[in-house]
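Data block below; observations after.
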Amino acid sequence: MNKITSWLISSAVIMLVFPWLAVTFIRGDSGMMACFFLFFALNPVYAIIVGAYAGKDIKRLWALPIITVAFFLIGAQYRGRYAFILYALIYLFLGLTTMLVSALVKKRR
């Protein structure tokens, strides 16, 4: 399997499947805690990891952070809630910044 395909599958699982599982199977306050964990811990860390990987070959992989954010917006089922756009912009900023830093570090070596 192609490395890009594996990253796309992992992005789909983290940004689409995990929120669906949290909303579907976890009820009440526990579901809210799971969503907080996704929004404030897992998704930002994953955006940073995707950006660091994309910075290794920026010419081929530049779209990975953007696709990850697009999966997040699809998974959040945006219905006029501006908080999801804010989260998406933060994840995009983290991914693109990490991608550029990773590319600069690779270039210096």
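The values are calculated or read from the model by the stated rules, or taken from the named source; none is laboratory data. Since the model is a prediction, treat every value here as computed from it, not as a measurement. Note: ideal-geometry Cβ built from the backbone for every residue, glycine included; neighbour counts use all protein chains shown. The accessibility values were calculated without ligands, DNA or RNA, using every heavy atom of the protein model including side chains. Shrake-Rupley method; radii C 1.70, N 1.55, O 1.52, S 1.80 Å.
Here's a check for you: in segment 16-57, which residue that is among the polar types (S, T, N, Q) and exposed (fewer than 12 other Cβ atoms within 10 Å of the Cβ) is nearest to the chain's Cα centre (by Cα)?
Across segment 16-57, the extreme among qualifying residues is 24.
Are any of the residues in segment 42-49 touching a Phe, Trp or Tyr at 6+ places or on another chain (Cβ under 7 Å), of a type in the set (S, T, N, Q) and under 22 Å from residue 6 (Cα atoms)?
yes
What pairs can you find where one residue is in segment 1-17 and within 24 Å of residue 35 (Cα to Cα), the other is of a type in the set (A, V, I, L, M, F, W, C) and outside any helix (DSSP H, G or I), and their Cβ atoms are less than 9 Å apart, with a gap of 6+ or different chains?
Close Cβ pairs satisfying both conditions: 9/1.
Could you look through segment 74-89, keep only residues that are part of a helix (DSSP H, G or I) and open to solvent by less than 60 Å² (accessible area, probe 1.4 Å), and pick out the one that is farthest from residue 13 (Cα to Cα)?
83
Looking at segment 24-33, is at least one residue touching a residue at least 12 places away in the same chain (Cβ under 8 Å) and either hydrophobic (A, V, I, L, M, F, W, C) or outside any helix (DSSP H, G or I) (or both)?
no
What number of residues within segment 58-73 satisfy the criterion of being open to solvent by 40 Å² or more (accessible area, probe 1.4 Å), part of a helix (DSSP H, G or I) and aromatic (Phe, Trp, Tyr)?
Summing the residues that are open to solvent by 40 Å² or more (accessible area, probe 1.4 Å), part of a helix (DSSP H, G or I) and aromatic (Phe, Trp, Tyr) in segment 58-73 gives 1.
For segment 93-107, state whether one or more residues are surrounded by 14 or more Cβ atoms within 10 Å (Cβ to Cβ), within 10 Å of the chain's Cα centre (by Cα) and of a type in the set (A, V, I, L, M, F, W, C).
Yes: segment 93-107 contains one or more residues that are surrounded by 14 or more Cβ atoms within 10 Å (Cβ to Cβ), within 10 Å of the chain's Cα centre (by Cα) and of a type in the set (A, V, I, L, M, F, W, C).
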